[in-house]
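First comes the structure, then the notes that go with it.
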Amino acid sequence: MTDRLENMALVMPGLLLLGLAFILPVLQMLVLSVSGPDGFTLEHFTRFLSDSYYLGILWRTVRLSALITLITALIGFPLAYIMAKSGPRLRLWLTLIVILPLMTSVVIRTFGWIVLLGRSGMIPSMLRDLGLVGRSFSIIQTESAIVIGMVQVLLPFMTLSVLGVVMSIDGRLEEAARTMGCSFMKTIRTVVLPLSLPGIVAGGLLVFTLSASSFVTPSLLGGSRIQVLAGSIYNAVTQTLEWEFAAAQAVILFVGVALVLVPYLSVTGRRNG
């Protein structure tokens, strides 16, 4: 009995902080989303779900988040494998290179991409000089710009998640596969990749949820013409002052992300225990 009371005393501050900082605001948001002049109403959800404009924003948010997650996985897994197989000194420098962008503000990094991707930026200018695009070509304020910027911002989360798992894989398993006649790529595909799946899943969850709820980078690189759900929520709060509608959009974003992640976790959980 004494041990149980001591454990509860240790846990209670954390539970209290979680309740005040997370659960209470979420409950307030849920209540606000169904509030109207006459009390309980689903008008805000009906407005969102019956308007093709807002449905397009929701679909764009999920689609871009899935694409960003896929690209970060395709880049992050090879990078993590190279880091894991490098010597301690080189691995330290590679880890610093991966982590260093996290020490810089997202706003500053995004403005850097605005300079690079703008109509007179280095990348469009180089493509025009090579004759690959027209004179009016610009990447800024497109979905491609959002994907490029978000991949750069979120790549460290995927790489570091995969690195921890790859580092724990016994190297003798790869040696055994090569001894049995597997090529390097087949060893990666049949041994390393399946064992790295928990890290890829963890990194994918981080990248998808962060990209789906991201506001600064999509707003600056996509502009007002290409809206994502976080930007739509921001506009409802600051411009039209429709707080109830903004709360309803936030609830829809939460439910939409959950509908994507729950089957994802269920499938990968069964495969990896």
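The values are calculated or read from the model by the stated rules, or taken from the named source; none is laboratory data. Please read these numbers as outputs of a predicted model, since none were measured by experiment. For neighbour counting, all protein chains shown are included, and Cβ atoms are generated from backbone atoms with ideal geometry for every residue, glycine included. Please note that ligands, DNA and RNA were not included when accessible areas were found on the heavy atoms of the full protein model with its side chains. Shrake-Rupley method; radii C 1.70, N 1.55, O 1.52, S 1.80 Å.
Out of curiosity, is Leu163 in contact (Cβ under 8 Å) with a residue 12 or more places away in the chain, buried (at least 18 other Cβ atoms within 10 Å of the Cβ) and of a type in the set (A, V, I, L, M, F, W, C)?
Numbers: in contact (Cβ under 8 Å) with a residue 12 or more places away in the chain: yes; buried (at least 18 other Cβ atoms within 10 Å of the Cβ): yes; of a type in the set (A, V, I, L, M, F, W, C): yes.
The answer is yes for Leu163.
If you go through region 184-226 and pick out every residue that is open to solvent by less than 40 Å² (accessible area, probe 1.4 Å), under 19 Å from Ile71 (Cβ atoms), in a loop (DSSP other than H, G, I, E, B) and among the small types (Gly, Ala, Ser), you end up with 1.
Against the test of being out of contact with any His (no Cβ under 8 Å at 6 or more places or on another chain) and modelled with pLDDT of 90 or more, the options Ser35, Ser65, Ser52 yield a single qualifying residue, Ser65. Beta carbons closer than 7 Å, at least 6 apart along the sequence or on distinct chains, pair a first residue in region 201-230 that is more than 13 Å from Thr142 (Cβ to Cβ) and in contact (Cβ under 8 Å) with a residue 60 or more places away in the chain with a second that is outside any helix (DSSP H, G or I) and of a type in the set (Gly, Ala, Ser) for Ala230/Ser213; Ala230/Ser214.
For region 138-160, how many residues meet the condition of being polar (S, T, N, Q) and either in contact with a His (Cβ under 7 Å, 6 or more places away or on another chain) or open to solvent by 50 Å² or more (accessible area, probe 1.4 Å) (or both)? Don't jump to the end; show me each part of the working.
Initial filter on region 138-160 (polar (S, T, N, Q)): 138, 141-142, 144, 152, 159.
In the following step, the residues that additionally are either in contact with a His (Cβ under 7 Å, 6 or more places away or on another chain) or open to solvent by 50 Å² or more (accessible area, probe 1.4 Å) (or both) were identified as 141, 144, 152.
Total meeting the criteria: 3.
For beta carbons closer than 8 Å, sequence separation of 6+ or different chains, a first residue in region 91-118 that is free of Cβ contacts under 8 Å to residues at least 24 places away in the same chain and a second that is polar (S, T, N, Q) and surrounded by 13 or more Cβ atoms within 10 Å (Cβ to Cβ), the qualifying pairs are Leu94/Ser86; Gly118/Ser138. Selection of helices (runs of 4 or more DSSP H) fully inside region 10-120 by the criterion of at least 1 residues being surrounded by 15 or more Cβ atoms within 10 Å (Cβ to Cβ), of a type in the set (Val, Ile, Thr) and in contact with a helix residue (DSSP H, G or I) (Cβ under 7 Å, 6 or more places away or on another chain) returns 52-85, 88-99, 106-117.
Per the listing Arg135, Arg128, the residue uniquely over 23 Å from Met103 (Cβ atoms), in a helix (DSSP H, G or I), free of Cβ contacts under 8 Å to residues at least 12 places away in the same chain and open to solvent by 30 Å² or more (accessible area, probe 1.4 Å) is Arg128.
Picking from residues in region 209-265 that are farther than 12 Å from Val62 by Cα and aromatic (Phe, Trp, Tyr), the one that is modelled with the lowest pLDDT is Tyr264.
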